[in-house]
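Engineer: What follows is a single structure, and I will ask about it in a moment.
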Amino acid sequence: MTSRLIDLSHDVPKEPTFASGETFGRGAVLGWSLLSETKLVQTSLLAFSDHVSTHIDAPAHFHPEGKTIDEMPPELFMETPALWLDCSRKEPGEEITPEELEEALGGAGEDINPGDAVLIYTGCSKRWGKPDYRDGVRPVSPAAVQWLLGRGVRLFGVDGPEIDTDPIEWPAHKLLRTHEFYIIENLALWPTVIELPHRFRMVAAPLAIRSATAAPCRVVAIIA
């Protein structure tokens, strides 16, 4: 039986987005040579943050001695058992709590097994590419992160640009200083959640950028 693949990632923008302040892009694919002029080959110059578009944060993002993205364990991104939870019923800005994750898990009719990846759908991805994209963020409370870690989750993701909305304290990200886990941000979960079963296998392979705090990745759901 042939598996079906569903792409859960946004692409890296072709046009520069730094000057415009559009943080959902943070990069560009620039022309480096012109086939019509060189008569040889056409290539591109890639210029982007390691947190561009759909990407995975590594512990080194907030821990100077934490693992960098090239040290990420392969078992976390190659055909990882995964499930998504619906946390889209509350308003942007409201924290995601352990109680909400419990409720969403019950609504999905699933359990979390050690080693699962958990993707959290908040509805923010409906705003991707729009000026109010960041306004749709629902932060993941530190207690919710601890709830996931306590169930053996080391890789989880959200369909917004951040798991925190406090750019001073970064309460959820700060847990990277004491725990080894990895975060996918900017997932393309809308409108894919309409056809995505709650449980699937997932590939989320980041670029192996040496010593990077994160890397863009192609996240693909594998439906048996």
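Engineer: Any idea how far the Cα center of region 140-164 sits from the one of region 75-117, in Å?
Structural biologist: One Cα centre to the other: 9 Å.
Engineer: Only one of the listed values, (i) 0.93; (ii) 1.02; (iii) 1.62, was derived from the coordinates as Cα Rg over 2.2 N^0.38 Å; which label is it?
Structural biologist: (ii)
Engineer: While we're here: Please build a GNM for the chain, connecting alpha carbons under 10 Å apart, and tell me which residue among Val41, Val140, Val158 fluctuates the most.
Structural biologist: Sorting by GNM fluctuation, first place goes to Val41.
Engineer: Okay, moving on. Take the Cα coordinates of region 110-224, assign each an equal point scatterer, and use the Debye formula without solvent to give log10 I(q)/I(0) at q = 0.18, 0.19 Å⁻¹.
Structural biologist: The computed values of log10 I(q)/I(0) come out as -1.05, -1.17.
Engineer: Treat each spin label as a single point 7 Å out from the Cα along the C-beta direction, and report the Val41 to Glu169 distance in nm.
Structural biologist: 5.1
Engineer: Using just the helices of the chain, give the 222 nm mean residue ellipticity in deg cm²/dmol: DSSP H runs with n ≥ 4 each add -39,500 (n - 2.57), and the total is spread over all residues, rounded to 500. Walk me through the intermediate numbers first.
Structural biologist: Values: 3 runs with 24 residues, N = 224.
Dividing the helical sum by the residues of the chain leaves -3000 deg cm²/dmol.
Engineer: Report the antiparallel proportion of the DSSP beta bridges in the chain as a percent, rounded to a multiple of 5.
Structural biologist: On the way: 26 of 39 bridges.
Rounded to the nearest five, the antiparallel share is 65 percent.
Engineer: Magnitude of the Cβ-charge dipole of the chain, K/R +1 and D/E -1, about the Cα centre, nearest 20 debye? Each step should come with its number before you reach the end.
Structural biologist: Working: 20 positive and 33 negative charges, 134 e Å.
I would put it at about 640 debye.
Engineer: Take the chain, connect every pair of alpha-carbon atoms lying under 10 Å apart with a spring to form a Gaussian network, then pick out the residue of Ile56, Ile168, Ile209 with the largest mean-square fluctuation.
Structural biologist: Ile168
Engineer: Pick from Pro131, Pro92, Pro167: which residue has the top mean-square fluctuation in a GNM of the chain where Cα pairs under 10 Å get a spring?
Structural biologist: Greatest mean-square fluctuation among the candidates belongs to Pro167.
None of the figures in this text is laboratory data; all of them are computed from the coordinates on show. Since the model is a prediction, treat every value here as computed from it, not as a measurement. In this analysis, Cβ positions are derived from the backbone assuming ideal geometry, glycine residues included, and neighbour counts consider all displayed protein chains.
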